[in-house]
Amino acid sequence: MNITTRNLTHTDFAVEVIGVTLDDVHKEGVQRRLQYLWLKHQVLLFKNLDTENEQRLAGLSKVFGRLEIHSRIEYLSNQVPELLYISNVKEGDRKIGALGDGEAGWHTDQTYRPTPALGSLLAAHVIPPEGGNTSFADMYRAYDALPEELKHRISGLKAVHSYEHFNEQYSEPSNSKQKADGTVQTHPVVRTHPITGRKSIYCPKSVVPYIVGLSPQDSQALLEEIHERSFRPEFVYEHKWNLGDGVLWDNAAAMHRRDTWDPAYPRLMKRTTIRPPEDLAVPF
Ligand code: OGA
Ligand code: MN
């Protein structure tokens, strides 16, 4: 099997993976090739996935690590609990998915946990005719491009990540399981990838209410400065979904956000959550 890639960005941050079918993902050679591609590139696009077949979405995700059953238990698939639904669809009065139809600001998944997910795969099962695009930003290159003076200033700083801070702007309150597990965590502003060893910016203001040890004014100013540097157009890939697209991203090296769409249209995305290797999960 010849698995190749096609760049989706002017760098090799986001690529389409060509030449792999889900029949082959159990093969050792295919797995190694995909794992390599995922470390080399931070966003992988797989086209034409059968999103009805949830076992297979889980199977593709498992190539990259153990799967986590997400703590938004009210939105898990009934068939395959490793899948979380992201949707505005309702069955009667019951929402079937997280995030509804609103915008979601720049973030990276689960930073409110002590050992956040390393990866997420999001697959398009039902999409609106337009809108609902998801954008990804390259935190390796954003970090590399920082002026040395700013790298120096943020080196060693830590930021508080609060799920409620994000939820107040873009989602709904944490459920009781999430509250019990904890929704506030402190992480370095610059993190080191557990496998590649590369540094990246890990400080989205959607999730971070403040940076530890700074006055509120200085903290806010630095968050704005980091934000402005992180999401410049040259670091961003905006994905317009087609049915059957699956996008896998590296939560340590990329951030993502999504646009709203006309709420009259349903959108249903199926997501898996990929754990880091436990012995490399911390420190950052
Ligand atoms: C997610 C997420 C964005 C989208 O599933 O973590 O941020 O496009 N989804 O729905
Ligand atoms: Mn997300």
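When region 242-252 is examined, which residues are found to be more than 10 Å from the chain's Cα centre (by Cα) and either among the polar types (S, T, N, Q) or surrounded by 19 or more Cβ atoms within 10 Å (Cβ to Cβ) (or both)?
Here is the first cut: in region 242-252, the ones more than 10 Å from the chain's Cα centre (by Cα) are 242-246.
Listed by number, the residues that qualify are Asn242, Asp245, Gly246.
Every residue, every condition in (1) small (Gly, Ala, Ser); (2) more than 25 Å from Val43 (Cβ to Cβ); (3) at pLDDT 95 or above, yes or no:
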{"position": "Leu122", "(1), (2), (3)": "no, no, yes"}
{"position": "His125", "(1), (2), (3)": "no, no, yes"}
{"position": "Ala142", "(1), (2), (3)": "yes, no, yes"}
{"position": "Ile154", "(1), (2), (3)": "no, no, yes"}
{"position": "His161", "(1), (2), (3)": "no, no, yes"}
{"position": "Glu168", "(1), (2), (3)": "no, yes, yes"}
{"position": "Pro188", "(1), (2), (3)": "no, no, yes"}
{"position": "Lys205", "(1), (2), (3)": "no, no, yes"}
{"position": "Ile211", "(1), (2), (3)": "no, yes, yes"}
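Starting from residues that are in a loop (DSSP other than H, G, I, E, B) and free of Cβ contacts under 8 Å to residues at least 40 places away in the same chain, keep the ones in region 32-53 and report whichever is nearest to Ala253 (Cα to Cα).
Filtering region 32-53 for residues in a loop (DSSP other than H, G, I, E, B) gives 41-42, 47-53.
The next check asks that each one be free of Cβ contacts under 8 Å to residues at least 40 places away in the same chain; those that pass are 41, 53.
Values: His41: 9, Asn53: 29 Å.
Among those residues, the one meeting the criterion is His41.
Output the residues belonging to region 76-126 that are away from ligand 1 (no atom under 11 Å from the Cβ), more than 25 Å from Ala180 (Cα to Cα), out of contact with any helix residue (DSSP H, G or I) (no Cβ under 8 Å at 6 or more places or on another chain) and assigned to a loop (DSSP other than H, G, I, E, B).
Val89, Gly92, Asp93 - these are the residues of region 76-126 that are away from ligand 1 (no atom under 11 Å from the Cβ), more than 25 Å from Ala180 (Cα to Cα), out of contact with any helix residue (DSSP H, G or I) (no Cβ under 8 Å at 6 or more places or on another chain) and assigned to a loop (DSSP other than H, G, I, E, B).
Taking interchain pairs and intrachain pairs at least six residues apart, which have beta carbon atoms under 6 angstrom, with the first residue in region 2-31 and more than 26 Å from Met139 (Cβ to Cβ) and the second among the hydroxyl-bearing types (Ser, Thr, Tyr)?
Gly19/Thr4
Among the numbered criteria (1) away from ligand 2 (no atom under 16 Å from the Cβ); (2) over 16 Å from Leu122 (Cα atoms); (3) of a type in the set (A, V, I, L, M), which one does Leu243 miss?
Result: Leu243 fails condition (2) only.
With the condition kept exactly as written, say whether any residue in region 61-70 is closer than 20 Å to His239 by Cα, more than 11 Å from ligand 1 (Cβ to nearest atom) and either in contact (Cβ under 8 Å) with a residue 60 or more places away in the chain or surrounded by fewer than 17 Cβ atoms within 10 Å (Cβ to Cβ) (or both).
Filtering region 61-70 down to residues closer than 20 Å to His239 by Cα leaves 61.
Narrowing the set further to residues that are more than 11 Å from ligand 1 (Cβ to nearest atom) leaves 61.
Subsequent filtering for residues that are either in contact (Cβ under 8 Å) with a residue 60 or more places away in the chain or surrounded by fewer than 17 Cβ atoms within 10 Å (Cβ to Cβ) (or both) retains 61.
The answer is yes, given that some residue of region 61-70 is closer than 20 Å to His239 by Cα, more than 11 Å from ligand 1 (Cβ to nearest atom) and either in contact (Cβ under 8 Å) with a residue 60 or more places away in the chain or surrounded by fewer than 17 Cβ atoms within 10 Å (Cβ to Cβ) (or both).
So how many residues does region 176-187 have that are touching a strand residue (DSSP E or B) at 6+ places or on another chain (Cβ under 8 Å) and surrounded by 18 or more Cβ atoms within 10 Å (Cβ to Cβ)?
Just the residues of region 176-187 that are touching a strand residue (DSSP E or B) at 6+ places or on another chain (Cβ under 8 Å), to begin with: 183-187.
Now restrict to residues that are surrounded by 18 or more Cβ atoms within 10 Å (Cβ to Cβ): 183, 185, 187.
Result for region 176-187: 3.
Which residue out of Gly156, Gly131 is out of contact with any His (no Cβ under 6 Å at 6 or more places or on another chain), more than 21 Å from Lys95 (Cα to Cα), more than 16 Å from ligand 2 (Cβ to nearest atom) and part of a loop (DSSP other than H, G, I, E, B)? I'd like the intermediate steps shown before the answer.
Working: Gly131 fails: more than 21 Å from Lys95 (Cα to Cα).
Just a single option satisfies the conditions, and that option is Gly156.
Quick check on my filter: what residues within region 67-111 are within 17 Å of Leu57 (Cβ to Cβ) and small (Gly, Ala, Ser)?
If the condition is that a residue be within 17 Å of Leu57 (Cβ to Cβ) and small (Gly, Ala, Ser), then Ser77, Ser87, Gly97, Ala98 are the ones that fit.
The values are calculated or read from the model by the stated rules, or taken from the named source; none is laboratory data. Everything numeric in this text was worked out from a predicted model, so none of it was measured. Every residue, glycine among them, receives a Cβ derived from its backbone with ideal geometry; neighbour counts consider all protein chains shown.
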